[in-house]
1. What is the gain in length, in nm to one decimal, between LEU309 and GLN426 on full extension, counting 0.36 nm per residue of separation less the C-alpha to C-alpha distance?
2. Hey, what's region 173-319 come to in accessible area per residue, 1.4 Å probe, Å²?
3. Which order do THR681, THR69 take by accessible area at a 1.4 Å probe, largest first?
4. Roughly how many nanometres apart are two label points built 7 Å out from the Cα toward the Cβ at ARG642 and THR281?
5. Under a point spin-label approximation (7 Å from Cα along Cα-to-Cβ), what is the ASN565-ASP610 distance to one decimal in nm?
6. Quick one: if you stick a label point 7 Å off each Cα along the C-beta vector at ASP29 and ALA391, how many nm between them?
7. If R₀ is 51 angstrom, what is the calculated FRET efficiency for the pair TYR299 and THR620, using the beta carbon separation as r and rounding to 0.05?
8. When the accessible area of region 436-579 is split by element with a 1.4 Å probe, what percent falls to carbon and sulfur?
Amino acid sequence: MRSHLPNTLYKRFALLPLLLLMAISTFADVVISGKVTDEKGKPLQGASVYLLNTIDGTSTDSAGRFRFTTSEKGLQTIVASEVSHETGGMPLTVDSNVANLIIKLRSNAHSLDQVTISAGSFEASNANKTVLKPLDIVTTAGANADVVKAIETLPGTQQTGTENGLFVRGGDASEAAILVDEMVVQNAFFSSAPGVATRSRFGAFQFQGISFSSGGYSARYGQALSGVLELMSTDLPDKTTANIGINMAGIYASGTKRWKNSSLDVGGNYNNLSTFYGLATTNVKFYNVPTGGGGNLRYVWKPNKDGILKITANGTTNTSGIAVPNPYSQVTSNSGNQFYNAFSAAGDTVNFKTNAQNYYTNVTYKQLFKSHYELYAAASVSYDKTDNHFATIPINEDDTRAQARVEARDYINSRFSLLAGVEAQQFNIKKSFADTFKQQFTETQLAGYLEANWSPFKWLAFRPGVRFEHSAILQESAIAPRLSMAIRTGRYSQVSVAGGIFFQDPDYPYLLGIDSAISHRLKYKQATHYIANWQWIKEDRTLRLEGYYKNYQDLVREHIPYDPNGYRTILNSENIDNSGYGYAQGLELFWRDKKTVKNLDYWISYSYIDTKRLYQNFITEATPGFISDHNLNIVGKYFVNRWSTNFSATYSYASGRPYYNPANPDFLSDRAPAFQNLALTVSYLHTFGKWFSVFYLSVDNITNQHNIFGYRYIYDTRGNVSSKQEILPALYRSIFVGANFSLTQFKKDEL
């Protein structure tokens, strides 16, 4: 019979059973939606909402909204619970869709005007930590949809310019840990050539929130002397949807299929920066424009109303090639010349090519038992392979990491909870140079932690904690006590303090470059944090003043002449020890106002830092070259209802950074010019049938400021300085245009 039907007609008949099944499913389920608030009508985020004695339910979003489907019929009871409020609910007759429910929960007696611990974590909203939404990252001017660039608008961070990483309160990139669902991401940035900063690996739409702590963080985390950036993956989505996006960096697409108690996400992207770099004159020569792609797969399952399983896998690949300055180009003779090497005859520039692959898998499970006990378990595996070529010489690196974490929390009562956990990590790094010289190490880290949250009165809160850590490669164990507390000083104000000890392995180049006898002689680096802040919050206005002091001890130091090359290879040497030390101290201001002008949200962040170190191959105590003493960011967002358009602008300023001048005997005392940047993003919302869209245009460095991040020096045959070159960003001004289309409606408060 098939051969007698037209092909298109046959396809339509073949789809009928599937369409009929979908229609039956659609008519069988009803949608229940509404909002959970406190007694004053303020929305409650993260409240659990469900039908009593069923597994049908969900959690509220940042606006207190909830929405879920159910096949239950007749008289039911809908229940809402939230840890700081009394459980509430109401009877409900389910025979058709139910919308606009309002469930009000009464505050526990002690939690009215409850004090919250905030030292070391920033408030860009009325939450205890800064939480940035995906569209907030995409549309923040100057961020270009990059998570880390958006975080750099907050106090305590540095403008990186030509380097990858998050630089927090005097710490370099190695001192800030980036985590996904509490699991460490070993290689959070795309591989790049020396002196060219790249984007972080993960797309903003993979996460429901991003939290940032710049010091004094929880005992559940370690191996980060300065700060922690947490990326929290999305839970079970509200419904089946699809997203398509295109911008000047490439294209991406994702789809979500939602079943009753589970969902499946699939996504992919392709990046090619030819168009992006084609609209501007670059300061580096790309003979191979950065290209790459990736894909992700994610499964979420709720076996019951209080449990959730998440399985995530993603992979990325990227390649690029640039011509980097050759510092030995003036050394033309090798006759007894100590400065001559294999690159001396290569010309003014040397081609550098990178080809990288990265794969990451993460599995987590969270379960709440009887609204009293909570269990969380997580595991992840990552693999990163980078094949570089410096001229004709291959430089390869393979990184692997496996980790697991199990923690349990007991909500003993509404005033006291106790958290206990253990974690294990093993990572291996292998490097080879010219396929002949090879280095590698394997490290196993074990840790356990115990932390309490105690609020004996509504105006007083404590968070004591302790963490135990053990390093196999160092053959060392350490105990890190930590304490945070807060005292309410008025109806709208409070004072918070935090302190603790933090340990971290020596940087990877030292673990690669030393033999086992020396590695056992090395020990943990250590930092002690002291933080205090005063905070005032009233009607969507936040004012925060914070001061800190950080004492560094046992930093790794090389007793050799100074070499400014940050990419040099560390060879076996008895001249390496933990005699380094340093300090960082500073003051920070944060002001946010969402109230004064309707539809206007702006914040101002200012940081002052005074820091010096004697570490690595420094010849004396000095301020590192990645530090700007003064950092200012002004971010504003204004939504015009009539035009359905959001305007976002960011102004950033950073004072000049130190750089090494071999002609100046005062080590690292020269300063580069100040950094300034003005960026603008315009986002327009529009509807095409069932598709909701946002179009955005970003212009970075509108004034075309020629920012300089330091200087590198060229040496002649005799080893004397013959000239110097400016260290510049890949480009001065950039234009970024993109659009995102989704079956889920965008809201102006997400921009």
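1. Values: separation 117, 0.36 × 117 = 42.12 nm, distance 2.37 nm.
Answer, rounded to one decimal: 39.8 nm.
2. Working: 5310 Å² over 147 residues.
Dividing the accessible area of region 173-319 by its residue count gives 36 Å².
3. THR69, THR681
4. 4.0 nm
5. Those two pseudo-labels are separated by 3.7 nm.
6. 6.3 nm
7. Calculated transfer efficiency: 0.40.
8. Answer for region 436-579: carbon and sulfur cover 59 percent of the accessible area.
The values are calculated or read from the model by the stated rules, or taken from the named source; none is laboratory data. Here the structure is a predicted model, which is why all the values come from computation and not from measurement. Every residue, glycine among them, receives a Cβ derived from its backbone with ideal geometry; neighbour counts consider all protein chains shown. Areas reflect the complete protein model, heavy atoms only, side chains present, ligands, DNA and RNA absent. Shrake-Rupley method; radii C 1.70, N 1.55, O 1.52, S 1.80 Å.
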